[in-house]
Amino acid sequence: MEKWVEVPKHVNTESIAQKHGISPIVAEILLNRDIEESEMDAFLSPGPKSFHDPFMLNGMERVVCLLKEKISASEKIRIIGDYDVDGICATYILFRGLSFFGADADYDIPHRIEDGYGINEKLIRAAKSSGRSVIITCDNGISAADEVDLAHELNMTVIVTDHHEPPYEEVDGVKNYKLPKADALTDPKIPDDEYPFKGICGAFLALKVIEAYAKRFKVPVSEEFRELILELTEFAALATVCDVMELRDENRTLVTMGMRYMERSRNLGLKALINETGLSGKKISPYHLGFVIGPCLNASGRLDTSLRALSLFVERNPQSAKEKAADLKALNESRKAMTLEWSEKAFKEVESCENPDRVLVLYLKGCHESLAGIIAGKVRERFVRPTFVLTDAENGLKGSGRSIEAYDMHAGLVKADPLLTKYGGHRLAAGVSLEPEKLEAFIKNLNENCNLTEEDFSETVYIDAVLEPENATMALAREIDRLSPYGVGNETPLFLAKDLTIVSGSRMGKNANVGKYKVVSQNGSVCEMIYFGDLDVFEDYVSKKYSKETGEKLHSGQNISVKLDLCFNLGINTYMGRDKVQLTIKHFR
């Protein structure tokens, strides 16, 4: 059951709105997102001034000076990234940037199944045998204390750039951090780091390394360098959305600029993938990054190797780029079919339990281990419970978890540490490995140590403001559009209208899976609303609230009278060059 929460109204919205040249409702939305009045102008007009100085990151000076020393000495550098979108993009950013500065650089990425996450002994020894004397990590390394020690034993230099939480042991409520003894290290989440915004991804951090190097050593701002930074900004923006970073502070500026650059991408491979996925000529949105382009890159790491995605981005032949983009898209189609099959099995397993655990742990024998995180996310979404999905791996059980807001998944794993062979992650997502015989104890440990209540398992719907449909004008829609791009930390504004009456509805779209409704407000004004959710669920709800006959008529085009409270988004639909206000139903009761 959903909990609808109307965010309390703020005081002085009228004066704030007048001061900043916005409507009171937009001022209200900004305040709801904890945007201080002093930050509003920058939020509404994002630009390069929003970016923080990369040298505010602890260790950045040491990182770029060591890179300069190694490049000047013609030492060979191996970049080691990760197999997800963030890791792929971070690797490409460092490779392109360091190569531009004259480095003899190459890259490697761990195989999801054969290697697991992050730098490891095999990758280190492979770099050494290839004549590489320097390793720089991106999107990993902060937990690699033993691996860094091994590299030092092999007389290698190690630079760590990461954005994840450093590992720690908690004793009497005090966290004792265990950082790798790298030759240089930067991570905004290191304790006492004074960087003003901690929520940057690995690729954005990689971009900051390139910018800091250029700034520190006064690289000429030529046209070629400007084009390089614009290209790398595209990749940092893509990674920021796909790694589910909050679209606040400098992240919002990065994504705004990166999406704009991507519409005329400077990278041949990325441009080919945009064309292959049908996005050419369209205005790129966070949805396109997170649910169209990103999954094609992730599919390479899930079903094969992420080096295929990197191969696309370094490609300089148009025909080869087109073929590689088509291969990634086909790989993703295969991944989607497999995900659907195994998600249905996971749903049935949870539904078969009379009293599901508060923290779900599902063992899916035979499932491709790379799909565990996606399936865990789908189970979490449907049942509103923190979920781990485990499957068989070479050395036991391995899987991924996705959490709800009320449960700190990483903290839960810290308490289960003695039962695990390996784990890592953060509050809302984690990876885990364990021996099969410890599965039951793991499930028991997670559930005995969590404080979740039934109330935590209800989705909370936060409503920005009450808005009657007749007041949802084009002028307001255009003003609200200035608040985009939307994503985690900057959700699409949600409005509430009470006692609306649906007088007719129909199905539309190629698959008849979109609802279109004629709606009458309390004062008699008429508007049109649409719904992209599950129409069968909507019909079932109306059947229970009114009658089976009414539910069956909801999308028949016939006259009905269904009075509901509706939550909706206000947007602009552009078709054939014409703009129209669009009200999209998100929740109903």
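The values are calculated or read from the model by the stated rules, or taken from the named source; none is laboratory data. Model, not experiment: these values are computed from the prediction. With ideal geometry, Cβ positions are generated from the backbone for all residues, glycine too; neighbour counts draw on all protein chains shown.
Checking GLY118 against (1) on the phi > 0 side of the Ramachandran plot; (2) modelled with pLDDT of 95 or more: exactly one of these is not met. Which one?
(2) is the only condition that GLY118 fails.
PRO418: farther than 30 Å from PHE495 by Cα and modelled with pLDDT of 90 or more, yes or no?
The answer is yes for PRO418.
Would you tally the residues in the stretch 158-189 being modelled with pLDDT under 95 and exposed (fewer than 15 other Cβ atoms within 10 Å of the Cβ)?
11
To keep it simple, each residue is scored yes or no on (1) out of contact with any Phe, Trp or Tyr (no Cβ under 7 Å at 6 or more places or on another chain); (2) surrounded by 16 or more Cβ atoms within 10 Å (Cβ to Cβ); (3) of a type outside the set (Ser, Thr, Tyr).
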site: ASN449; (1), (2), (3): yes, no, yes
site: ASP464; (1), (2), (3): no, yes, yes
site: GLU468; (1), (2), (3): yes, yes, yes
site: PRO485; (1), (2), (3): yes, yes, yes
site: ALA512; (1), (2), (3): yes, no, yes
site: LYS518; (1), (2), (3): yes, yes, yes
site: VAL537; (1), (2), (3): yes, no, yes
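Looking at GLY269, GLY202, GLY290, GLY258 in this structure, which one is over 26 Å from GLY59 (Cα atoms), touching a residue at least 12 places away in the same chain (Cβ under 8 Å) and touching a strand residue (DSSP E or B) at 6+ places or on another chain (Cβ under 9 Å)?
It is GLY290.
With the condition being outside the structural domain of HIS163 (by TED's automatic domain parsing) and basic (Lys, Arg), I'd like the strands (runs of 3 or more DSSP E) fully within the stretch 386-437 carrying at least 2 qualifying residues.
396-402
Out of the stretch 557-589, which residues are under 36 Å from the mean Cα position of the chain (by Cα), in contact (Cβ under 8 Å) with a residue 60 or more places away in the chain and not in a strand (DSSP E or B)?
ARG589
I need a count of the residues in the stretch 43-88 that are without any contact (Cβ under 8 Å) to a residue 24 or more places away in the chain and not charged (D, E, K, R).
Selection size over the stretch 43-88: 3.
Look at the stretch 51-90 and say how many of its residues are under 30 Å from THR305 (Cβ atoms), out of contact with any Gly (no Cβ under 7 Å at 6 or more places or on another chain) and aromatic (Phe, Trp, Tyr).
0
Of these, PHE95, PHE100, which one is closer than 24 Å to LEU289 by Cβ, crowded, with 16+ Cβ neighbours inside 10 Å, in contact with a helix residue (DSSP H, G or I) (Cβ under 9 Å, 6 or more places away or on another chain) and touching a residue at least 12 places away in the same chain (Cβ under 8 Å)? Spell out the reasoning first.
On the way: PHE100 fails: closer than 24 Å to LEU289 by Cβ.
Going through PHE95, PHE100 in turn, just one is closer than 24 Å to LEU289 by Cβ, crowded, with 16+ Cβ neighbours inside 10 Å, in contact with a helix residue (DSSP H, G or I) (Cβ under 9 Å, 6 or more places away or on another chain) and touching a residue at least 12 places away in the same chain (Cβ under 8 Å): PHE95.
Name every residue in the stretch 191-218 that is assigned to a helix (DSSP H, G or I) and among the aromatic types (Phe, Trp, Tyr), in order of residue number. Working first, answer last.
Taking the stretch 191-218 as the starting set, the residues that turn out to be assigned to a helix (DSSP H, G or I) are 202-216.
Selection gives PHE204, TYR213.
For the stretch 215-228, enumerate the residues that are touching a residue at least 12 places away in the same chain (Cβ under 8 Å) and within 17 Å of MET60 (Cβ to Cβ).
LYS215, ARG216, PHE217, VAL219
Inside the stretch 45-74, can you point out the residues that are among the hydrophobic types (A, V, I, L, M, F, W, C) and either within 15 Å of PRO188 (Cβ to Cβ) or out of contact with any Leu (no Cβ under 9 Å at 6 or more places or on another chain) (or both)?
Those that are among the hydrophobic types (A, V, I, L, M, F, W, C) and either within 15 Å of PRO188 (Cβ to Cβ) or out of contact with any Leu (no Cβ under 9 Å at 6 or more places or on another chain) (or both): PHE51, PHE55, MET56, LEU57, MET60, VAL63, VAL64, CYS65, LEU66, ALA73.
Return the total of residues in the stretch 358-369 being surrounded by 11 or more Cβ atoms within 10 Å (Cβ to Cβ) and either over 27 Å from the mean Cα position of the chain (by Cα) or not in a loop (DSSP other than H, G, I, E, B) (or both).
Number of matching residues: 5.
For the stretch 397-421, name all the residues that are basic (Lys, Arg) and surrounded by fewer than 15 Cβ atoms within 10 Å (Cβ to Cβ). It would help to see each step written out before you state the result.
Taking the stretch 397-421 as the starting set, the residues that turn out to be basic (Lys, Arg) are 398, 402, 415.
Within the stretch 397-421, just LYS415 meets the criteria.
Can you tell me which residue within the stretch 118-157, out of those that are under 19 Å from PRO188 (Cα atoms) and aliphatic (A, V, I, L, M), is surrounded by the most Cβ atoms within 10 Å (Cβ to Cβ)?
Among those that are under 19 Å from PRO188 (Cα atoms) and aliphatic (A, V, I, L, M), it is ILE136.
Being without any contact (Cβ under 8 Å) to a residue 24 or more places away in the chain and outside any strand (DSSP E or B): is that true of ASP149 here? Steps first, please.
Values: without any contact (Cβ under 8 Å) to a residue 24 or more places away in the chain: no; outside any strand (DSSP E or B): yes.
In short, no.
Looking at SER280, SER285 in this structure, which one is surrounded by fewer than 24 Cβ atoms within 10 Å (Cβ to Cβ), touching a residue at least 60 places away in the same chain (Cβ under 8 Å), of a type in the set (Gly, Ala, Ser) and more than 30 Å from GLU114 (Cβ to Cβ)? Steps first, please.
Values: SER280 fails: touching a residue at least 60 places away in the same chain (Cβ under 8 Å).
The unique qualifying residue is SER285.
Quick grid of which residues meet (1) in contact with a helix residue (DSSP H, G or I) (Cβ under 6 Å, 6 or more places away or on another chain); (2) surrounded by 21 or more Cβ atoms within 10 Å (Cβ to Cβ):
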site	(1), (2)
CYS296	yes, yes
ARG316	no, no
LYS322	yes, no
ASN332	yes, yes
GLU341	no, no
LYS345	no, no
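Is one or more of the residues making up the stretch 558-571 touching a helix residue (DSSP H, G or I) at 6+ places or on another chain (Cβ under 7 Å), under 20 Å from VAL503 (Cβ atoms) and of a type in the set (Gly, Ala, Ser)?
no
Is there any pair linking a residue in the stretch 543-556 that is modelled with pLDDT of 95 or more and loosely packed, with under 15 Cβ neighbours inside 10 Å to one that is outside any helix (DSSP H, G or I) and hydroxyl-bearing (Ser, Thr, Tyr), with Cβ under 9 Å and at least six apart or on different chains, and which?
Cβ pairs passing all conditions: SER556/SER504; SER556/SER506.
Of the numbered conditions (1) modelled with pLDDT under 95; (2) part of a helix (DSSP H, G or I), LYS444 satisfies every one except a single condition; which is it?
All conditions pass for LYS444, except number (1).
Looking at (1) under 25 Å from TYR517 (Cβ atoms); (2) within 27 Å of the chain's Cα centre (by Cα), find the lone condition where LEU413 falls short.
(1)
Based on what the data block shows, is GLU479 touching a residue at least 40 places away in the same chain (Cβ under 8 Å), more than 27 Å from VAL241 (Cα to Cα) and part of a helix (DSSP H, G or I)?
Numbers: touching a residue at least 40 places away in the same chain (Cβ under 8 Å): yes; more than 27 Å from VAL241 (Cα to Cα): no; part of a helix (DSSP H, G or I): yes.
In short, no.
Kindly state which strands (runs of 3 or more DSSP E) lie completely within the stretch 1-111 and contain at least 2 residues that are under 30 Å from ALA465 (Cβ atoms), modelled with pLDDT under 95 and touching a strand residue (DSSP E or B) at 6+ places or on another chain (Cβ under 6 Å).
Strands (runs of 3 or more DSSP E) meeting the threshold: 3-6.
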